[in-house]
Amino acid sequence: IAISEHLRCLPEDLFPPQHIERALPKNTAAVTASLEDVAGLLSGGGDDPEQALLAAQQSEALERAMATLPERQQVVLRRRFGLGGEPETRAKIAKDFDRSVTLIGALEHRAIRRLREEIALQNARIKP
């Protein structure tokens, strides 16, 4: 009700009638965590919470942008930069794809350019 007063509107404008007449049940969701997760939380993990949040947001933005790339470009970038494993050389990736090192380099550069464009679009959508 305080929210509706602050916004100068009726509570019914913000909430369905059943939520005004009776309170919602408390959230009792269960969370699973490993011992390592708990230990990391207790020790502080050495990360500043703001930095951890920023890193998570950047990782999500990168994954959304990666999803827009063609499959081969995704694979090249993931393998080249070690996303999900150890970084690999262009020569190793080229051998596995039976392609030239030059072609793998070109795929990598095109993919990076497209990622930059996609992330710029994502940022433009977020800003008012």
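The values are calculated or read from the model by the stated rules, or taken from the named source; none is laboratory data. Quick caveat, the model's predicted, so the values are computed rather than measured. So basically every Cβ, Gly included, is an ideal-geometry build from the backbone, and we count neighbours across all protein chains shown. Remember, those area values only see protein heavy atoms, side chains included, never the ligands or the DNA or RNA. Shrake-Rupley method; radii C 1.70, N 1.55, O 1.52, S 1.80 Å.
Brief remarks on what is shown
- Qualifying residues in the stretch 99-128 (those that are open to solvent by less than 50 Å² (accessible area, probe 1.4 Å) and of a type outside the set (V, I, T)) - the one nearest to F81 (Cα to Cα): E108
- One residue stands out among those in the stretch 68-96 that are touching a Leu at 6+ places or on another chain (Cβ under 8 Å) and not in a loop (DSSP other than H, G, I, E, B): the one that is surrounded by the most Cβ atoms within 10 Å (Cβ to Cβ), which is V76.
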